[in-house]
Amino acid sequence: MAMQYLLPAMIAAGILSVGPAGAQPSRKGRIIDEIGISAGPLVYQGDLSPSPAGAWKTARPALSAQATRITGARSALQASLLLGGLRGDEARYPSPAYRQERSLAFRTRVLELSAGGRWAPLGGFDGSRLVTPYLTGQTGLALLRVRPDASGMNGSFAPTENAAILPLLAADMAHRKPGLLPFASLGVGVRRQVADRWMMTLESGYRWTRSDHVDGFSRLANPDSRDHYAYHSVGLAYALPCGRGTRCPRPLR
């Protein structure tokens, strides 16, 4: 297993093993303690992006829903469902000049299902802190629909007689596009209590994949590099009320 998939799994396993320390248990008989939603941009990072920061000019919106189980003051488990899209367009970037000449573009629809853990080094998941910074690690599967587009390529960049470029383009267009793609995510976040049972969250998570065809291109661009992307979000979470006969964590403060 690749290290980018192993590390989030280790974080989740560590949370499972030490989670109950330092806080009252999660509500008895309940699997989910909090539900939440978040929204923000998916930012593509791959062969067609202009910098290590990703392709911000073509960032696409995403919406996510989360279900969380509080396992301790410093730990929580979370499952997430995300729907969004990725986009890249070299014509949007004037430098280096070859990007506008090559002018590759793509659109990819993304549906993610993931699970993992959160770890707050200062504690606070039990409601004992107003502001709680945390780290997050998840693994999951992404269902993709990839639509590459090379129609904007300048003829002078890839003339018909160019034996070096056209076969590479043909190979990329014919290559089977990923449909179901495993990924791993590591990120950072902070949540703040805004009402008795309501929390606001800010989070950034970077997704690693083992595919170079999230954008539909590889041999024509950079076959030695994989495609990745990030999700930057703002969200709202709600702590479910205690039912009769259940044991609850300490009140939120």
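Here, each number is a calculation from the coordinates, and none is a lab measurement. The shown structure was predicted, so the numbers you read here are calculated from the model rather than taken from an experiment. Positions of Cβ are backbone-derived with ideal geometry, glycine not excepted, and every protein chain shown enters the neighbour counts.
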Using a Förster distance of 30 Å, how high is the FRET efficiency between ARG30 and VAL188, based on the Cβ-Cβ distance and rounded to 0.05?
0.60
Exposure proxy ranking, count of Cβ atoms within 10 Å, fewest first, for VAL214, VAL188
VAL188, VAL214
Exposure proxy ranking, count of Cβ atoms within 10 Å, fewest first, for ARG102, ARG107, ARG197, ARG207:
ARG197, ARG107, ARG102, ARG207
Taking the Cβ of ARG99 as the center, what net charge do the other residues with Cβ under 13 Å away carry, scoring Lys and Arg +1 and Asp and Glu -1?
-1
Through the Karplus equation 6.51 cos²θ - 1.76 cosθ + 1.60, θ set to phi - 60°, convert the phi angles of the range 60-74 into ³J(HN,Hα) values in whole Hz; use x for Gly and Pro.
10, x, 9, 10, 9, 10, 10, 10, 10, 10, 7, 9, x, 4, 10
Footprinting exposure proxy for MET173, MET199 (fewest neighbouring C-beta atoms within 10 Å first):
MET173, MET199
Segment ALA65-ARG176, length gained on full extension (0.36 nm per residue, minus Cα span):
36.9 nm
